[in-house]
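Okay, so here's the structure we're looking at.
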2 protein chains.
Amino acid sequence: MQIELQRGAGRPVYLQIADQIGAAIEARRLAHGARLPAIRDLARRLQVHRDTVALAYEELAAAGRVESSVGRGTFVRAPGDPGPGGAPFEAAFSGLTESLLRFERARPRFGSADGAVPLHAIIPDPALYPVEGFRRALNRAFREHGADLLLYGDPQGHPRLREALASHLGGAGLEVGPGELLLCHGASQGISLALRLFAEPGDLIALEEPTYNNVLATVFGLGLRTAPVPMGEDGPDLAALERTLRRPEVKLLYTIPTFHNPMGLTTSLGHRRALLEVAARCGKPVVEDAYEMDLRFGERPVPPLAGLDASGLVVHLSSFSKSLFPGVRVGAIAARGRALDALLALKRATDHSDSMLLQAALARFLEEGHYERHLARLRRVLRSRCEALTGALEDALPEGARFTRPAGGYQVWVELPAGLDTSELLADAARAGVLFAPGSQFNHDGRPSCALRLSFAMADEAALRRGAQALARVVRERQRAAPAARIHI
Amino acid sequence: MQIELQRGAGRPVYLQIADQIGAAIEARRLAHGARLPAIRDLARRLQVHRDTVALAYEELAAAGRVESSVGRGTFVRAPGDPGPGGAPFEAAFSGLTESLLRFERARPRFGSADGAVPLHAIIPDPALYPVEGFRRALNRAFREHGADLLLYGDPQGHPRLREALASHLGGAGLEVGPGELLLCHGASQGISLALRLFAEPGDLIALEEPTYNNVLATVFGLGLRTAPVPMGEDGPDLAALERTLRRPEVKLLYTIPTFHNPMGLTTSLGHRRALLEVAARCGKPVVEDAYEMDLRFGERPVPPLAGLDASGLVVHLSSFSKSLFPGVRVGAIAARGRALDALLALKRATDHSDSMLLQAALARFLEEGHYERHLARLRRVLRSRCEALTGALEDALPEGARFTRPAGGYQVWVELPAGLDTSELLADAARAGVLFAPGSQFNHDGRPSCALRLSFAMADEAALRRGAQALARVVRERQRAAPAARIHI
């Protein structure tokens, strides 16, 4: 059989491979029981990374077309064939679970790149965690309150932490009372709860494109569908947003106005006011993900959407995962009135309540001023890392490449000259010593992208410069190479 | 207008009140702007608890029929009337959220009964928590691993805790490897994940009736529907179960075979084998909730369903919330192969991962033998409390009442003579000095029940005897009183 790959065709390469092998099985050009080429061999002949072929085979296995046997290879499966291991029970998963698994299979894998500069993930640098200060706060809280912190907690969250957080949010332009906050298990749980509040399976969610890839996993896992709103130079395109929000089946807008993930953009005050007007005209709520809001490099934050909204249109999500450390597992939802009551019911029905011990420790950490001191230091470090990365990109990237200059947070968005699919650069980049997040995983449909996200969370200045230079080398090499492949297997 | 209540009619009293007021509004017998009677007055005239009337008014408010204004009262609302506070933004919630809120509104309230013996809730007694031992384990784990415990964790759960738990489960008759465990945020999160694995909105779940009330909240919040399987003397009726599981729209069985909640029953080995055969014949997976499994009073546990199943039919849920303390927020799912992978994807898409700090502390607590020592002590205390409660019930309850004698766990199920609706006894019982969980909240449709659940989690032997005697007095008084009410408002 013949496999023909079209790069930049809009369909991911691994799916192109799976499609064509699947069609060959359907047409009996590959017989039942036939063995597929080894992953390594096919990858070499197609000039793609081994992971791409592995993904194609997994896709076929999930569809019941082939089965793998460790050490023997991958074989075309007869319909109804129970496979070599006998007939263990295989319950049918829900369609929502299957669609989530499909999304997960398409994620890039970074496992094999030991020693490469890690610019692919937004994981705060453990070298910067205020471990001792938090440990002392934890010990004091535990000694003082003992067993009270080991009971089921207030499902809304520990009252002292809500007090301390309300005061902190007030300083960032969001006036909110402790009673209007619901603490949750990281902003990721906040996203699930806020989406479920307004939307149910079959409904549409307006999201920026590109957007945070994990929110896409949550959306698909909940049976929701996406309505993409393209990103312009100053945030989501407002005319496109209004057309989208006017559709009755679109239930809300999810947006990241501050240090956008993956783009690193922060929208202006004017854009924020205009966006709120659009949402109010369309009668649709806004879920504002402010997960990096505390990480501004400069002095004055732009007020959050929720701080500009008097009508209760906005549900605001924040988190300590990026500004302190992820392991504290505390995020917060700010909402009003009936929306807060309903979010609380959803939280209770999901996992009842969170750890009061960790929340009480965090409350003390905030009350004693440790959090503000930690933020001041972290912002200085991130600003310096950001300057090192953007400086190196400016020097190294070829003509025609562009990148954003964030005012805070952890990420820079790089657009390479059109025609390059950055997911196809990943393997070469790993070999050259740098990891990045390809733009395709931030597109709603996973289609190829000529952009990529670089995170300066985990690497110091020297490593960031090395990483930028390695990336630039790989891009130049790929620009010189031939873009297409057509082979027989 | 006239309100006529029929007790034992199958429709909760508060809904009967809401129905009849709603019909009067519909028929314009109550004009727009008219003021409803004060809650206190109507409750007295109908001879029901104030909460019952408050629930009826909330039901009408949720349907947009009336609105309340603090200090002024409750008024019939004109269609389209924005209410007294101007026109704040009111986004439409999803239908799933509304159905969850409806369920939550129907829960009984226990707020006003200071000093009553708390037999209503299953909250482990804080006086029995091994606070010092856990604090030392936490400190040692934190000192040893520092910032590593503050990163995003292994979404499957801390490897050392999975090791220690696998060994513990092996001792209880469930042979499972650490790789077959997924730790989660209490068994309550485990329930959500396991239901989502197999079912999606519109699907049916087979559940025992009565069953754990919070699983009903989870089911309704996920847009699932329930298929009740009646409980017999030795667990769910197997003939009814087979009829239910044969229906294609029923996707799984959720069951509590050990120390059933609310009934306190433990099924026999024979019943367990037969149940597994039914599920296998019907090709439907079983979610086994073993949340109290460690709390047996005797020496030899009956093996869990998952321990009797070789084919991967069973997903097994366990928890430290009831056997250690709830605040550690650790539950565990045992599952095999593809089911485990899919549960892991659902967990990641829900809230990424849990606190490694708490899990590492718990691992050490288990490894050092503290957990087994704590269990030995807790079991002795619970056995003694259980004997005190059942002894007092035997002496005090009137002719015709029956109750279960649990082999472990925290709860006893009491069936009063038919014709009594236990939710209507709640207010009198609180005044007489005892709180209990009325049986209606464990019924799938919330219909009245002549049964109730008593928990011996929080009260010592003397208080348990007092509580049982108070309950018996209230039952006798109610048996003497007239059962119906018919009044005009």
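The values are calculated or read from the model by the stated rules, or taken from the named source; none is laboratory data. None of the values given here were measured: they were computed from a predicted structure. All Cβ positions, even for glycine, are placed from backbone atoms using ideal geometry, and neighbour counts span all protein chains on display. These accessible areas exclude ligands, DNA and RNA; they are computed on the full protein's heavy atoms, side chains included. Shrake-Rupley method; radii C 1.70, N 1.55, O 1.52, S 1.80 Å.
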- Peptides A:262-269, A:366-373 ordered by average Cβ neighbours within 10 Å, highest first: A:262-269, A:366-373
- Item | Translational diffusion coefficient (Stokes-Einstein; Kirkwood radius from C-alpha pairs) of region A:1-63 at 37 °C, 0.692 mPa s, in µm²/s | 275
- Could I have the simple spin-label model distance between B:ARG246 and B:GLN479, label points 7 Å from Cα toward Cβ, reported in nm to one decimal? 4.2
- Item | Peptide B:352-361 - average C-beta neighbours from other chains (10 Å radius) | 5
- Item | Kirkwood Rh, angstrom, region A:131-368 [1 / mean 1/r, Cα pairs] | 18.2
- Message: How far, in nm to one decimal, is A:MET1 from itself in the other copies if the label point is set 7 angstrom along Cα toward Cβ? Shortest first, please.
- Response: 6.8
- Where N is the number of residues in the protein assembly as shown, Cα Rg divided by 2.2 N^0.38 Å: 0.98
- Carbon and sulfur %, accessible surface of chain A computed with the full protein complex present, 1.4 Å: 50
- Put simply, what bits of region B:326-340 lose 50 Å² or more of accessible area when the other protein chains are there, versus the chain on its own (1.4 Å probe)? B:GLY327, B:ARG329, B:ARG338
- Query: Amide H to amide H under 5 Å from A:VAL117: which residues, 5+ apart in sequence or cross-chain, H placed 1.01 Å off N in plane?
  - Reply: A:VAL434, A:LEU435
- Message: Please list, in order along region B:434-443, the HN-Hα scalar couplings obtained from phi with the Karplus expression 6.51 cos²θ - 1.76 cosθ + 1.60 (θ = phi - 60°), rounded to whole Hz, x for Gly and Pro.
- Response: 8, 10, 9, 9, x, x, 4, 6, 9, 7
- Message: A 28 angstrom limit on the alpha carbon distance is what I want to check against. Which of A:LYS284/B:LYS251; B:LYS322/B:LYS347; A:LYS322/B:LYS251 exceed it?
- Response: A:LYS284/B:LYS251; A:LYS322/B:LYS251
- Item | Centre separation in Å (Cα based) which lies between region B:198-225 and region B:323-340 | 19
- Message: Taking the Cα centre as origin and putting +1 on Lys and Arg beta-carbons and -1 on Asp and Glu beta-carbons, what dipole magnitude results for the protein assembly as shown, to the nearest 20 debye?
- Response: 20
- Query: How much of B:LYS322 can a 1.4 Å solvent probe reach, expressed as accessible area in Å² and rounded to 10?
  - Reply: 20
- What number comes out for the charge environment of A:THR255, summing +1 per Lys or Arg and -1 per Asp or Glu over other residues with Cβ under 9 Å away? -3
- Could you tell me which residue in chain B puts its beta carbon nearest the axis mapping B onto A, with the distance rounded to whole Å? B:PRO201, 2
- Task: Between the label point of A:ARG247 and that of the same position in each other copy, find the distances and list them shortest first in nm, with every label point placed 7 Å from Cα along the Cα-to-C-beta direction.
- Result: 3.4
- From the label point of B:PRO178, set 7 Å from Cα along Cα→Cβ, how far away are the matching label points in the other copies, in nm, ordered shortest to longest? 4.1
- Item | Ordering of A:229-239, A:174-184 by burial proxy (mean other Cβ atoms within 10 Å per residue, highest first) | A:174-184, A:229-239
- Give me the accessible area per residue for the protein assembly as shown, probe 1.4 Å, as a whole number in Å². 38
- Note on the structure: Per residue of B:176-188, other chain Cβ atoms within 10 Å number on average 2
- Item | Two-site FRET efficiency, A:ARG300 against B:ALA31, from Cβ-Cβ distance with R₀ of 51 Å, rounded to 0.05 | 0.40
- Message: Roughly how large is the A-B contact in terms of buried accessible area, totalled over both chains, probe 1.4 Å, nearest 100 Å²?
- Response: 6100
- Message: Using only the alpha-carbon atoms, how far is helix A:337-351 inclined from the longest principal axis of chain A? Give it as 0 to 90 degrees, nearest 10.
- Response: 60
- Task: Evaluate the Kirkwood expression for the hydrodynamic radius of chain A, namely the inverse of the mean inverse distance over all pairs of different C-alpha atoms, and round to one decimal in Å.
- Result: 24.4
- Query: Add -39500 (n - 2.57) for each DSSP H run of 4 or more in chain A, then divide by its residues: what number comes out at 222 nm, to the nearest 500 deg cm²/dmol?
  - Reply: -13000 deg cm²/dmol
- Ignore the peptide's own chain and count Cβ atoms of other chains within 10 Å of each Cβ in B:303-312; give me the average, rounded. 1
- Item | Amide hydrogen neighbours beyond the local backbone of A:GLY408, cut-off 5 Å, H modeled | A:PHE297
- What does the charge count near A:GLU372 come to, summing +1 for each Lys or Arg and -1 for each Asp or Glu among other residues with Cβ under 11 Å from its Cβ? 0
- Scan around A:VAL66 for amide H atoms under 5 Å from its own, H built in the peptide plane at 1.01 Å from N, and keep only partners 5 or more places away or cross-chain. A:ALA61, A:ARG77
- Item | Burial order of peptide ranges B:272-278, B:214-220, B:188-194 (average beta-carbon count within 10 Å, highest first) | B:188-194, B:214-220, B:272-278
- Message: Give me the net charge for the shell around B:SER384: Cβ to Cβ below 13 angstrom, other residues only, Lys and Arg +1, Asp and Glu -1.
- Response: +2
- Query: When the Karplus curve 6.51 cos²θ - 1.76 cosθ + 1.60 is applied with θ = phi - 60°, which whole-Hz ³J(HN,Hα) does each residue of region A:260-277 get, with x for Gly and Pro?
  - Reply: 3, 9, x, 8, x, 7, 10, 6, 7, 4, x, 4, 5, 4, 5, 4, 5, 5
